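Heads up, the thing below is written out as structure tokens.
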Amino acid sequence: MRIALIAPAFFAIALLAVPAAAQDDTPIVVTGQKDMEQQIESFVGALTPASPRGQIARFEKAICPGAFGMPDAPRAAVKDRIRLVAEGVGLDVGGAHCKPNLVVMVVPDKAAFLKTLGRKHYYMFGDRTPSKVRQLIAEPGPATAWQIQTMVNGDGRAIFNESDMPINRSTRTPSRITPPARPAFMAAVVVIESKALEGLSTTQLADYAAMRAFARIDPARIDASAPSMILRILDAAADSEVPVTLTQWDFAFLKGLYSSPNNLYAPSQRSEIGRAMEQEMEPADGGDAPRPDRAKG
């Protein structure tokens, strides 16, 4: 069984906790500002694959979480937790009876489930080609995630095709610095095999799913020397310590992603995310560790 870093009673608390790294007995290593900036730059770069003239997509509409493949109580806990994380990082959240656009599915066999999903509900993969869906099915590991996206203009309005041609109606003045259109998530799907969740809590499941859904992240790109992340909980050795919630780095990244300007190209977006992370991770009031339960904004 994986070893949680604090007592199981914590998981009954419906609040984002102080990151686990601040609560263990690991010696504190003080590094210079330059080292921190370089570490953040590397961290953001690994989590935001996009070409220099591309953009880093994110949700621009309210999210509505749904969970399937688990009993009623943990399903409700997962949905509530994702809502709480979303609000904490600056996302809008739909009402109690909204239609799910962020779906977490716990299944016995990931590959078999995806094959069945492709046969019966192909629309769940968005506009992915059959070859792209096969790549998803073939991905190693007990989990996978993907987003369905659309293009919006500089005003945030969807771009529709007219006579098979995309029409961008916008009030913004064309610029070489900001793109005339950008990708935005319409929905996200996270699929996890049940056996990978043994020994984990609903909080850990929800935080992992939120990290995979709110940003297009490939865990395989993350270097082993990177800071502690919730994304490592499924692949950790059975006797290893794992984060019990989003870590400081996870939360700061998502906060930076959703607080940075959206009309920028990827390199500028990364710079803005990095600056936001530096501010978020600065000790508050002369020494307190940054907290994920800060109000959004």
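Key figures
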read-out	value
Residue within segment 269-277 that is over 24 Å from residue 200 (Cβ atoms), in contact with a Ser or Thr (Cβ under 7 Å, 6 or more places away or on another chain) and modelled with pLDDT under 90 present	no
Pick from segment 88-115, criterion without any contact (Cβ under 8 Å) to a residue 60 or more places away in the chain and part of a helix (DSSP H, G or I), ranking: least open to solvent (accessible area, probe 1.4 Å)	111
Hits in segment 84-114 (condition: closer than 19 Å to residue 184 by Cα and either out of contact with any Cys (no Cβ under 9 Å at 6 or more places or on another chain) or among the acidic types (Asp, Glu) (or both))	86, 87, 89, 90, 91, 92, 103
Selection from segment 52-73 of residues that are in a helix (DSSP H, G or I) and either open to solvent by less than 40 Å² (accessible area, probe 1.4 Å) or charged (D, E, K, R) (or both)	72
Subset of segment 195-214 [buried (at least 24 other Cβ atoms within 10 Å of the Cβ) and either at pLDDT below 95 or closer than 16 Å to residue 185 by Cβ (or both)]	209, 210, 211, 212, 213, 214
Qualifying residue in segment 232-242 (condition: within 27 Å of residue 183 (Cα to Cα), aliphatic (A, V, I, L, M) and either surrounded by fewer than 19 Cβ atoms within 10 Å (Cβ to Cβ) or at pLDDT 90 or above (or both))	no
Candidates 176, 182, filtered to the one that is closer than 27 Å to residue 54 by Cβ, part of a strand (DSSP E or B) and modelled with pLDDT under 90	182
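The values are calculated or read from the model by the stated rules, or taken from the named source; none is laboratory data. Just so we're clear, the structure is a prediction, and the values are computed from it rather than from any experiment. Quick reminder, even Gly has a Cβ in these numbers, built from the backbone with ideal geometry, and neighbours come from all protein chains shown. Quick note on the areas: whole protein, heavy atoms, side chains included, nothing else; ligands and nucleic acids left out. Shrake-Rupley method; radii C 1.70, N 1.55, O 1.52, S 1.80 Å.
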